Every structure is written in structure tokens, then in C-alpha cells.
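Enquirer: The structure under discussion is supplied below as C-alpha cells; questions concerning it will follow.
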Amino acid sequence: MASRISLFVLLFIPLCSAADSFVKVVCDRSNVAQFGHQSMLMCVFDTTQNIPDLKITLVVWRKGTRGIKGIVPPVVVYDARNDPGELKILQEGYTFADTNFNNRNVSLLISNTKVEEEGEYSCEVTTDSGSGSATTRLKVTARYNYPTADKTLEKGRSNVDQTLVCNASGGYPEGQLRWFDNYKTDWTKSAKLTVTEDENGLFMLSSELPLLKGSTLPEYTCVVYNASGGKEGSISIPTEHTGASKANPATSTIIAPVVVIGSLIVGLLLAVIICKKRSQQQERRPSTLPLMGTRDDITPTAPYPYEPPPAYSVETRDNIA
Ligand SMILES: *[C@@H]1O[C@H](CO)[C@@H](O)[C@H](O)[C@H]1NC(C)=O
Ligand SMILES: *[C@@H]1O[C@H](CO)[C@@H](O)[C@H](O)[C@H]1NC(C)=O
Ligand SMILES: *[C@@H]1O[C@H](CO)[C@@H](O)[C@H](O)[C@H]1NC(C)=O
């Protein structure tokens, strides 16, 4: 029984309301606006029968289709129930594109499109011969600013020696940053993307790509993609070669003092060891002399006190003479 009633409701209510809505409002299904620019939600109305002197009594635009008790407050109203008609701007920045409604054009105009203006809108038109309404959607887009990139040298992280950073701000909706090397290999999986929103609701993308030690690729390119996958900008960043072939000033300024201090320490240690050994030998000598004395017999075989025989110099000189 209940299902029969609901079937009846489903079949006949739409038919009845279609017959009632003598006025039809037709809107562009979706409108794309650029952040910070003027945007228009296109709607016109028509009648199912030709009525030459149709009179508009009320046109109402609301942002959102639901609200408390299913009604949201209007943003702009044109009220012609009294003569002359009155334009009521209830939220700043909204007005009608054509306040004369020429060609039954009831389009809404937004002067400076912001991110929060994205969403569903509804337009209701009431005439002396009936009324109608329609909904439409506003999508906001903002192009990302030209990306910036930088690199930081890593000390302390065992396997990473530099990290590339790429930023792109001021875009909407949320986009993506991808990394490629000069062979077009995609390195995005190795990167970490951080997304933040600024005070206008625009997105700031920041991606960090850590590079492993010994990576020899000369440069990487950071590419900015918008929400629908369109390329919006790119920046290439050369990597830092930390190897011996091309020492950069940042590392050489660190390495130089390390080398100097290290060799000083080694030198000092050697000097200390040598001094100690010498003083030990000098201390030992008097006490060990009696012991060494027995060995003095064999000293002639030792090389030091032994005088080498004069070379053949005399002979050769004689020959020359
Ligand atoms: C409605 O009027 C505006 C302002 O004159 C115009 O730019 C727009 O193209 C019109 N829309 C239609 C559907 O005629
Ligand atoms: C990227 O953004 C972060 C966070 O705002 C900032 O600290 C960093 O300096 C920026 N780097 C570049 C290259 O713009
Ligand atoms: C993304 O970029 C493409 C190409 O530039 C453009 O056609 C498209 O409208 C953009 N989409 C968004 C959501 O910004």
C-alpha cells in the first residue's frame, strides 16, 4: 500500500509541478570564474506559452540551495511588486548583469570572485503569470604563481647529501608538484608534498626532494600541475656536486678548517710521542750503560761508529791526473 502511494507520488508530483511552472529558468550548468576577476552566472527565463506583455514581479538569487528550513538568505533581489521596481543588494559584490532584464536575462554578476564564492546558487523568477527557479554552480580557479626552487646541503643525514625544495603559491583548486630529472624520469614518489592555504583560501604547494649521496644527475625540474592536470609552470634546479671534482665554496669552507685543525692535532701528537721517546731513551741510557757495556764488544759491526772506507775518489783522481 505504502509503495503504491510512493509510486503515485513519484509519477504524478513531477508532472503536476511541471504543468504549474509556466515560467522556466534555464542556467548554464557550470560557470568557471577566475579568482580576483569578475564572474557571471548565466541564467535566462522563458515561458511555456508566448505572453507578449509578461511582467516580472520578483527575481531572487541565493548562494546555496539549502539552509535553515530549506531556505538560504538572498544575495541580491529585484523587487517589482511596487512601482518602480527596487534593486536590493543584500551581499556586497553581487548584482544583476542586466538590471533591465533585457531578453529575459537574469544573470548574476560577481564583481571580485573569491574562493568562498565557489558553490551552488539558485535563481527564482516570479512573474504575473507564474514562477520558476533553477540552480547553477560556480567554480573558482586561480593560476599558480611561477614556482621557486632552492637546495639545502644536508649534514648529519647519513645517506642524503642535499634536498631540493620547490614552492608554488596562489593557486586554486589544489594542484600538484612533480619532479623530473634530465631523462624525464619521474621522481615525485621520493618527494614530500606539503599543502597549506593562505588567508584567501588559495593553495601553497611545497615539495622536498631528498637526493642520495653519489647521485650524479646534474639537474632536476619541478613542474606545477593544476587540479585538472594542466601544466602551469616549471623550474629547473642544478644539483650540488659535493665530490672532489667540483668542490663548492660552502663545503670547502667547512672542509678546509677541518683539514688544518686535523693535521695540527696529528702533528702535535707526533711531536709529543717523539719527545717522549727521546726523553725515555735519554733517561734509560745511564742506567742501561753497564748492561750495554757487555755488548760494546760487538759495536764495530754496528754501522754508526763504523767509518766507511774512503771511496774510490783518490784512485779516480789519480787516474784523471
Ligand atoms: C546577459 O547579460 C549580460 C550583460 O549584458 C551579457 O554579458 C550576457 O551575455 C547575457 N546573457 C545572455 C544569455 O544573453
Ligand atoms: C618554500 O616555502 C617554505 C615555507 O613557506 C619556505 O620556508 C622556503 O624558504 C620556500 N623556499 C623557496 C625556494 O621558495
Ligand atoms: C589547468 O590548466 C589547463 C591548461 O593550461 C587549463 O586548460 C585548465 O583550465 C586548468 N584547470 C584549472 C582547474 O585551473
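The values are calculated or read from the model by the stated rules, or taken from the named source; none is laboratory data. Here the structure is a predicted model, which is why all the values come from computation and not from measurement. All Cβ positions, even for glycine, are placed from backbone atoms using ideal geometry, and neighbour counts span all protein chains on display.
Enquirer: Test Thr65 against the criterion of being among the hydroxyl-bearing types (Ser, Thr, Tyr), within 26 Å of Asn103 (Cβ to Cβ) and without any contact (Cβ under 8 Å) to a residue 40 or more places away in the chain, and give yes or no. Lay out the reasoning, then the answer.
Expert: On the way: among the hydroxyl-bearing types (Ser, Thr, Tyr): yes; within 26 Å of Asn103 (Cβ to Cβ): yes; without any contact (Cβ under 8 Å) to a residue 40 or more places away in the chain: no.
No: the conditions fail for Thr65.
Enquirer: Return a yes/no flag: does the range 180-193 have any residue that is over 30 Å from Val23 (Cα atoms), hydrophobic (A, V, I, L, M, F, W, C) and part of a strand (DSSP E or B). Even if it seems obvious, please write down each step before you answer.
Expert: So the first thing to find is which residues in the range 180-193 are over 30 Å from Val23 (Cα atoms), and the list is 180-193.
Cutting the leftovers down to hydrophobic (A, V, I, L, M, F, W, C) gives us 180, 187, 191, 193.
From the residues that got through so far, the ones that are part of a strand (DSSP E or B) too are 180, 193.
Within the range 180-193, one or more residues are over 30 Å from Val23 (Cα atoms), hydrophobic (A, V, I, L, M, F, W, C) and part of a strand (DSSP E or B).
Enquirer: If you don't mind, there's one more thing I want to ask. I want to confirm something. Restricting to the range 140-168 and keeping residues that are touching a Gly at 6+ places or on another chain (Cβ under 9 Å) and assigned to a strand (DSSP E or B), which single residue is surrounded by the most Cβ atoms within 10 Å (Cβ to Cβ)?
Expert: Checked the range 140-168; the qualifying residue surrounded by the most Cβ atoms within 10 Å (Cβ to Cβ) is Ala168.
Enquirer: Filter the range 193-226 for residues that are more than 24 Å from Gly156 (Cβ to Cβ) and at pLDDT below 95 and give the result. Steps first, please.
Expert: Keep residues of the range 193-226 that are more than 24 Å from Gly156 (Cβ to Cβ), which gives 195-205, 218-219, 221-226.
Those that are more than 24 Å from Gly156 (Cβ to Cβ) and at pLDDT below 95: Pro218, Glu219.
Enquirer: Given Leu58, Leu41, Leu109, which one is surrounded by 18 or more Cβ atoms within 10 Å (Cβ to Cβ), at pLDDT 95 or above and either more than 36 Å from the chain's Cα centre (by Cα) or not β-branched (Val, Ile, Thr) (or both)? Talk me through it step by step, then tell me what you get.
Expert: Values: Leu58 fails: surrounded by 18 or more Cβ atoms within 10 Å (Cβ to Cβ); Leu109 fails: surrounded by 18 or more Cβ atoms within 10 Å (Cβ to Cβ).
Result: Leu41 is the single residue among Leu58, Leu41, Leu109 that is surrounded by 18 or more Cβ atoms within 10 Å (Cβ to Cβ), at pLDDT 95 or above and either more than 36 Å from the chain's Cα centre (by Cα) or not β-branched (Val, Ile, Thr) (or both).
Enquirer: Right, something else. List pairs: first residue in the range 226-242 and of a type in the set (A, V, I, L, M, F, W, C), second residue buried (at least 17 other Cβ atoms within 10 Å of the Cβ) and not in a strand (DSSP E or B) anywhere in the structure, Cβ distance under 9 angstrom, at least six positions apart or on different chains.
Expert: Between residues of the range 226-242 that are of a type in the set (A, V, I, L, M, F, W, C) and residues that are buried (at least 17 other Cβ atoms within 10 Å of the Cβ) and not in a strand (DSSP E or B), the close pairs are Ala227/Gly175; Ile235/Pro147.
Enquirer: Within the bounds of the range 146-166, is there any residue that is within 16 Å of ligand 3 (Cβ to nearest atom) and touching a residue at least 40 places away in the same chain (Cβ under 8 Å)?
Expert: So the first thing to find is which residues in the range 146-166 are within 16 Å of ligand 3 (Cβ to nearest atom), and the list is 146-147.
From what's left, touching a residue at least 40 places away in the same chain (Cβ under 8 Å): 146-147.
Among the residues of the range 146-166, at least one is within 16 Å of ligand 3 (Cβ to nearest atom) and touching a residue at least 40 places away in the same chain (Cβ under 8 Å), which makes the answer yes.
Enquirer: Just to be sure before I move on: is Leu217 hydrophobic (A, V, I, L, M, F, W, C), part of a loop (DSSP other than H, G, I, E, B) and not assigned by TED's automatic domain parsing to the domain that holds Lys63 in the structure I sent?
Expert: Numbers: hydrophobic (A, V, I, L, M, F, W, C): yes; part of a loop (DSSP other than H, G, I, E, B): yes; not assigned by TED's automatic domain parsing to the domain that holds Lys63: yes.
When the stated conditions are applied, Leu217 passes them.
Enquirer: Residue check, Val76 against (1) closer than 13 Å to Cys123 by Cα; (2) part of a loop (DSSP other than H, G, I, E, B), all met but one. Which one?
Expert: Among (1) closer than 13 Å to Cys123 by Cα; (2) part of a loop (DSSP other than H, G, I, E, B), the lone unmet condition for Val76 is (2).
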